[in-house]
Amino acid sequence: MAIEQNLGYFFFNKEILNQALMTPAYANEQQLSGNQESYRVLGDRLIQMVVVELLIRYGYSSSAEIEYWMHQLVNPASLSEIALFLQLDRFLRLSSDEQASDTLPDSPMLSAALQAAIGGVYFDGGFRSASEVVKRLFEGAFS
(Lines give C-alpha, C1' and ligand atoms only; values in the text may rest on other atoms or scores of the structure.)
Protein backbone atom coordinates (compact mmCIF):
# COMPACT_ATOMS: atom_id res chain seq x y z
CA MET A 1 0.00 0.00 0.00
CA ALA A 2 1.20 3.51 -0.79
CA ILE A 3 0.39 4.69 2.72
CA GLU A 4 2.72 2.09 4.18
CA GLN A 5 5.47 3.20 1.85
CA ASN A 6 4.89 6.82 2.89
CA LEU A 7 5.03 5.86 6.57
CA GLY A 8 8.06 3.65 6.07
CA TYR A 9 6.34 0.80 7.85
CA PHE A 10 4.51 -2.20 6.41
CA PHE A 11 1.72 -3.60 8.57
CA PHE A 12 1.52 -7.30 9.33
CA ASN A 13 -2.14 -6.82 10.24
CA LYS A 14 -3.72 -4.52 7.63
CA GLU A 15 -6.90 -4.24 9.72
CA ILE A 16 -4.97 -2.18 12.27
CA LEU A 17 -4.09 0.32 9.55
CA ASN A 18 -7.69 0.33 8.30
CA GLN A 19 -8.96 1.13 11.80
CA ALA A 20 -6.30 3.80 12.31
CA LEU A 21 -7.58 5.59 9.20
CA MET A 22 -11.27 5.25 10.08
CA THR A 23 -12.79 8.38 11.60
CA PRO A 24 -15.22 7.90 14.48
CA ALA A 25 -18.00 9.41 12.33
CA TYR A 26 -17.36 6.86 9.59
CA ALA A 27 -17.40 3.98 12.09
CA ASN A 28 -20.64 5.30 13.59
CA GLU A 29 -22.25 5.74 10.17
CA GLN A 30 -21.24 2.22 9.11
CA GLN A 31 -22.18 0.80 12.54
CA LEU A 32 -18.67 -0.54 13.07
CA SER A 33 -17.24 -1.13 16.52
CA GLY A 34 -13.64 -0.03 15.85
CA ASN A 35 -12.18 3.29 14.81
CA GLN A 36 -9.04 5.35 15.23
CA GLU A 37 -9.70 6.67 18.75
CA SER A 38 -7.75 4.09 20.77
CA TYR A 39 -4.85 4.16 18.33
CA ARG A 40 -4.92 7.97 18.36
CA VAL A 41 -4.49 8.11 22.14
CA LEU A 42 -1.64 5.62 21.98
CA GLY A 43 0.02 7.41 19.05
CA ASP A 44 -0.27 10.79 20.76
CA ARG A 45 1.65 9.54 23.79
CA LEU A 46 4.26 7.78 21.65
CA ILE A 47 4.91 10.86 19.55
CA GLN A 48 5.33 12.97 22.69
CA MET A 49 7.67 10.49 24.31
CA VAL A 50 9.89 10.02 21.26
CA VAL A 51 10.08 13.77 20.57
CA VAL A 52 11.06 14.40 24.21
CA GLU A 53 13.77 11.77 23.82
CA LEU A 54 15.01 13.50 20.65
CA LEU A 55 15.03 16.87 22.39
CA ILE A 56 17.12 15.50 25.25
CA ARG A 57 19.51 13.75 22.83
CA TYR A 58 19.94 17.04 20.94
CA GLY A 59 20.96 18.83 24.12
CA TYR A 60 17.77 20.38 25.47
CA SER A 61 17.94 19.83 29.20
CA SER A 62 15.63 22.21 31.03
CA SER A 63 11.96 21.45 31.36
CA ALA A 64 11.20 24.94 30.02
CA GLU A 65 13.18 24.27 26.81
CA ILE A 66 11.62 20.85 26.37
CA GLU A 67 8.10 22.17 26.96
CA TYR A 68 8.67 25.05 24.54
CA TRP A 69 9.94 22.82 21.75
CA MET A 70 7.31 20.17 22.40
CA HIS A 71 4.66 22.86 21.90
CA GLN A 72 6.39 23.96 18.68
CA LEU A 73 6.87 20.47 17.25
CA VAL A 74 3.87 18.51 18.50
CA ASN A 75 0.65 20.41 17.91
CA PRO A 76 -2.33 19.89 15.59
CA ALA A 77 -0.92 22.21 12.90
CA SER A 78 2.50 20.55 12.74
CA LEU A 79 1.05 17.05 12.95
CA SER A 80 -1.43 17.83 10.18
CA GLU A 81 1.44 19.10 8.00
CA ILE A 82 3.22 15.79 8.49
CA ALA A 83 -0.03 13.93 7.74
CA LEU A 84 -0.39 15.89 4.49
CA PHE A 85 3.23 15.18 3.60
CA LEU A 86 2.48 11.48 4.08
CA GLN A 87 -0.75 11.93 2.07
CA LEU A 88 -2.84 10.42 4.87
CA ASP A 89 -5.75 12.55 3.68
CA ARG A 90 -6.02 10.32 0.60
CA PHE A 91 -6.54 7.23 2.74
CA LEU A 92 -8.89 8.47 5.48
CA ARG A 93 -12.20 6.68 5.73
CA LEU A 94 -14.70 9.51 6.11
CA SER A 95 -18.42 9.53 6.78
CA SER A 96 -20.72 10.88 4.08
CA ASP A 97 -21.17 14.09 6.11
CA GLU A 98 -17.40 14.49 6.41
CA GLN A 99 -16.99 13.89 2.68
CA ALA A 100 -19.64 16.53 1.92
CA SER A 101 -17.82 19.20 3.95
CA ASP A 102 -15.77 21.66 1.90
CA THR A 103 -13.17 22.14 4.64
CA LEU A 104 -12.33 18.54 5.45
CA PRO A 105 -10.07 16.93 6.20
CA ASP A 106 -9.14 19.67 8.62
CA SER A 107 -6.13 20.06 10.88
CA PRO A 108 -7.55 18.17 13.89
CA MET A 109 -8.71 15.31 11.67
CA LEU A 110 -5.32 15.02 9.97
CA SER A 111 -3.52 15.29 13.29
CA ALA A 112 -5.70 12.49 14.70
CA ALA A 113 -5.01 10.35 11.63
CA LEU A 114 -1.26 10.70 12.08
CA GLN A 115 -1.47 9.93 15.78
CA ALA A 116 -3.66 6.89 15.05
CA ALA A 117 -1.29 5.66 12.35
CA ILE A 118 1.63 5.87 14.80
CA GLY A 119 -0.45 4.08 17.44
CA GLY A 120 -1.26 1.44 14.86
CA VAL A 121 2.42 0.98 14.04
CA TYR A 122 3.09 0.42 17.75
CA PHE A 123 0.22 -2.02 18.10
CA ASP A 124 1.32 -3.95 15.00
CA GLY A 125 5.09 -3.84 15.31
CA GLY A 126 6.00 -2.69 18.80
CA PHE A 127 7.81 0.25 20.33
CA ARG A 128 10.95 0.09 18.22
CA SER A 129 8.99 0.24 14.96
CA ALA A 130 6.83 3.14 16.15
CA SER A 131 9.84 4.99 17.54
CA GLU A 132 11.72 4.64 14.24
CA VAL A 133 8.76 6.03 12.29
CA VAL A 134 8.40 9.02 14.64
CA LYS A 135 12.13 9.72 14.53
CA ARG A 136 12.08 9.67 10.72
CA LEU A 137 9.09 12.03 10.64
CA PHE A 138 10.65 14.54 13.03
CA GLU A 139 14.32 14.27 12.03
CA GLY A 140 14.08 17.39 9.85
CA ALA A 141 13.20 19.46 12.91
CA PHE A 142 16.60 18.64 14.42
CA SER A 143 18.83 19.02 11.35
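Exactly one residue out of 83, 64 is outside any loop (DSSP other than H, G, I, E, B), touching a residue at least 12 places away in the same chain (Cβ under 8 Å) and either farther than 21 Å from residue 128 by Cβ or among the basic types (Lys, Arg) (or both), and it is 83. Of the numbered criteria (1) in a helix (DSSP H, G or I); (2) surrounded by 14 or more Cβ atoms within 10 Å (Cβ to Cβ); (3) at pLDDT below 95, the one residue 104 fails is (1).
Here's the yes/no breakdown for (1) crowded, with 18+ Cβ neighbours inside 10 Å; (2) of a type in the set (A, V, I, L, M, F, W, C); (3) closer than 19 Å to residue 129 by Cα:
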position	(1), (2), (3)
1	no, yes, yes
15	no, no, yes
35	yes, no, no
56	no, yes, no
71	no, no, no
79	yes, yes, yes
97	no, no, no
100	no, yes, no
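Evaluation of residue 18 against the conditions (1) touching a strand residue (DSSP E or B) at 6+ places or on another chain (Cβ under 9 Å); (2) in a helix (DSSP H, G or I); (3) of a type outside the set (Ser, Thr, Tyr); (4) at pLDDT below 90 shows that the sole unmet condition is (4).
Reported count of residues in region 21-52, each being aliphatic (A, V, I, L, M) and modelled with pLDDT under 95, is 5.
The set of residues in region 4-26 being over 12 Å from the mean Cα position of the chain (by Cα), touching a residue at least 60 places away in the same chain (Cβ under 8 Å) and under 14 Å from residue 113 (Cβ atoms) consists of 6, 16, 18, 19, 22, 23, 25, 26.
The values are calculated or read from the model by the stated rules, or taken from the named source; none is laboratory data. Keep in mind that what you see is a predicted model, and the values were worked out from it rather than measured. Backbone-built Cβ (ideal geometry, glycine too); neighbour counts: all protein chains shown.
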